C-alpha cells in the first residue's frame, strides 16, 4: 500500500493525524519542511498529500504547485489554522482538492481517511451512507465489536464509519458534519450514556429546528437487562441490538431503516 504524506512542522498535529490514519491501517510518512516533502515525493508517489499552509522553508501552495506540475490527479489537501477566505480561492485556482480547518482535527482525519480508502481501492468517490459509531474502543469492548472491525465490514456494504469514544466527542462530530445519517451507540460511555446522546440530539433539534437535525440512533450493547432495553425503546431509540452483534444482521437492519425513512420522505 502506498503511504500517505503529512507535511506539518507542528509535531503534535502531525502525530495525531498519523495516529488516526494508522488505526485505520494506512501507512504514514511525515515531513516538517517543504524540502523534506519534496524528497519523499521524488522517491515514491504518496496516496495523498496533506500540507500545512505555512512551512519553515516555504508554503503549502508552493508544494501544491510542484505536485501539480507533474500530477494533476493526486489528492492534495491544505490543512491550516488560517481562515479559508484568506487562501482558499488561490488554492482552488492552483488545483487543491480540499482546504480543511486544522482546529477540527477529528473532522480533518475523517476526510483524509475517506480519501485514503478511495485511493487505495482504486474506486471513484463512492456515495456512502455516513454513520457515527460511539463507543469506547478498548481491547475489552462491552459489545465485543471494535470500531476497526466494524468499519472494514461496513465499507464493503456502502457505509462509512466515523468514530467517537465519548459523548462530548460524538456531539462535536454531529455538529460539525451534517452528512452523518445515523448513530450507532453503546449504552455506557465515559461521560454519559446513549440515552443522554439521544435526548441531547432531540433537545437541539427542537430548539434550533432545521439548523440542527436529530439522527436516528441504534443501540449496540452487551446489556441484556430488559428494564434498560425498555427504557431506551420508550425513549424512542430506532433499534436495540445486544451482543454478540451479528454484522450482516446489523447492516440489514440499517438498510431497511434507511429505505423506510427515504420512502417516508418521498411521500411527504
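For the reader, a short list of remarks on this structure follows.
- Here the range 62-76 is the region considered, the condition is being under 27 Å from the mean Cα position of the chain (by Cα) and farther than 22 Å from residue 105 by Cβ, and the residue that is surrounded by the most Cβ atoms within 10 Å (Cβ to Cβ) is 67.
- Residue that is surrounded by the most Cβ atoms within 10 Å (Cβ to Cβ) [pool: residues in the range 155-168 that are in a helix (DSSP H, G or I) and in contact with a helix residue (DSSP H, G or I) (Cβ under 7 Å, 6 or more places away or on another chain)]: 167
- Exclusive hit being under 20 Å from residue 149 (Cα atoms), assigned to a helix (DSSP H, G or I) and either in the same structural domain as residue 135 (by TED's automatic domain parsing) or modelled with pLDDT under 85 (or both), set 229, 206, 249, 262: 249
- Annotation for the range 137-148: no member residue is modelled with pLDDT of 80 or more and either touching a strand residue (DSSP E or B) at 6+ places or on another chain (Cβ under 9 Å) or surrounded by fewer than 21 Cβ atoms within 10 Å (Cβ to Cβ) (or both).
- Matching helices (runs of 4 or more DSSP H) fully within the range 1-112 where at least 1 residues are more than 28 Å from residue 166 (Cα to Cα) and touching a strand residue (DSSP E or B) at 6+ places or on another chain (Cβ under 7 Å): 34-43, 60-68, 84-94
- Of the residues examined, residue 223 is one that is at pLDDT below 85, crowded, with 16+ Cβ neighbours inside 10 Å and out of contact with any strand residue (DSSP E or B) (no Cβ under 6 Å at 6 or more places or on another chain).
Each row is one residue, and each column tells you yes or no for (1) over 30 Å from residue 190 (Cβ atoms); (2) at pLDDT 90 or above; (3) surrounded by fewer than 16 Cβ atoms within 10 Å (Cβ to Cβ); (4) assigned by TED's automatic domain parsing to the domain that holds residue 161.
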position: 49; (1), (2), (3), (4): yes, yes, no, no
position: 78; (1), (2), (3), (4): yes, yes, no, no
position: 90; (1), (2), (3), (4): yes, yes, yes, no
position: 102; (1), (2), (3), (4): no, no, no, no
position: 116; (1), (2), (3), (4): no, no, no, no
position: 134; (1), (2), (3), (4): no, yes, no, yes
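- Qualifying residue in the range 234-243 (condition: assigned to a helix (DSSP H, G or I) and either touching a strand residue (DSSP E or B) at 6+ places or on another chain (Cβ under 9 Å) or loosely packed, with under 11 Cβ neighbours inside 10 Å (or both)): yes
- Residue 259 vs. criteria loosely packed, with under 11 Cβ neighbours inside 10 Å, under 25 Å from the mean Cα position of the chain (by Cα) and farther than 22 Å from residue 136 by Cα: yes
The values are calculated or read from the model by the stated rules, or taken from the named source; none is laboratory data. All values reported here derive from a predicted model rather than from experimental measurement. In this analysis, Cβ positions are derived from the backbone assuming ideal geometry, glycine residues included, and neighbour counts consider all displayed protein chains.
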